[in-house]
Amino acid sequence: MWGDLDNDGWLDLYVVVRLSRDMLYQNNGNSTFSEVHVSAGLNGLNTWHGLGFGDYDGDGFTDIYMPVAFGTDRLYRNNGNSANWLHVNLVGSQSNRAAIGTSVVAIAGSLRMTRVVDGGSGNAVQPTLPVEFGLGASTRVDILKVFWPSGVFQVLTRGDGNQRITVTEATTTSSVTVFSKISGSVGVNDGGPGREVAWGDYDGDGDPDLIVSRSG
């Protein structure tokens, strides 16, 4: 199961291993991971059936609930650190109200993070629905982009960190690129199949020209 447990902006990985010790891999932010299950205070437990991530105490750091095989279930509170964070609660209007399937992109300084609201991950696991972004040393999010299942796209800019915000799906897209077919109206012949194409300023007037070779 993936989650940014130290709020550095990089997703860490918790691996449930049946009949053996679970493993927690801390993302080092350089395409490598370090196994930290015991040093993180999780005591090398075997959960067997999955686990739940969620910020139960609202301090901005993801906590862990463990259903322990052949033992007593345990709730582990994340003691946190100095890293900043942002939690986004999404409310669908045209899409489903729980916003399942929505993608959210956050840009904070050099960090670019993508989170997806899912309806369950792993074996018998449903994480909390708000998307959680660790911001590391950044104190604000520069751009927040929300892609709803309905096709609506919203952009929010310059939001402070260390808070929870709610984004409700808009009725129209706030920013979108739309294309229209205009070949005939600008003098480009639609007739016949094209084979090769090249753009270039062949007459040196500063505007790109179009050369198309036809089959047959």
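Note on Tyr14: accessible area is roughly 0 Å² with a 1.4 Å probe, heavy atoms of protein only. The 1.4 Å probe gives accessible areas that order Thr72, Thr62, largest first, as Thr72, Thr62. Rounded to 0.05, the FRET efficiency of the Thr128 and Ile211 pair, given R0 = 45 Å and the Cβ-Cβ distance, is 0.20. Compactness ratio for the chain: Cα radius of gyration over 2.2 N^0.38 Å (N = residue count) comes to 1.42. In this structure, the amide hydrogen of Ile143, modeled 1.01 Å from its nitrogen in the peptide plane, lies closer than 5 angstrom to those of Ile107, Arg158, counting only residues at least 5 positions away or on a different chain. In the complete set of protein chains, residue-level accessible area for His87 is approximately 10 Å², probe 1.4 angstrom.
Of Gly204, Gly184, Gly29, which is the most mobile in a GNM of the chain whose springs link Cα atoms less than 10 angstrom apart? Maximum among the listed residues: Gly204. Placing a pseudo-label 7 Å from each Cα along the Cα-to-Cβ vector at Asn89 and Asn46 gives an inter-label distance of 4.0 nm.
Remark: spin-label model distance Asp73-Val186 equals 6.1 nm, labels positioned 7 Å along the Cα→Cβ axis.
When all protein chains stay in place and ligands, DNA and RNA are ignored, the 1.4 Å accessible-area order of Ser39, Ser95, Ser150, largest first, is Ser39, Ser150, Ser95.
Roughly how many percent of the accessible protein surface of region 1-133 is carbon and sulfur, given a 1.4 Å probe and a whole-percent answer? The computed percentage sits at 53. Between the listed residues Leu135, Asn79, Tyr202, the Cα displaced farthest toward the positive end of the dipole of the chain, a dipole computed from Cβ unit charges relative to the Cα centre, is found at Asn79.
The values are calculated or read from the model by the stated rules, or taken from the named source; none is laboratory data. If you're wondering where the values come from, they're calculated on a predicted model, not measured in any experiment. No Cβ is skipped: glycine too gets one built from the backbone with ideal geometry, and neighbour counts run over all protein chains shown. The area values use the complete protein model at the heavy-atom level, side chains included, leaving out ligands, DNA and RNA. Shrake-Rupley method; radii C 1.70, N 1.55, O 1.52, S 1.80 Å.
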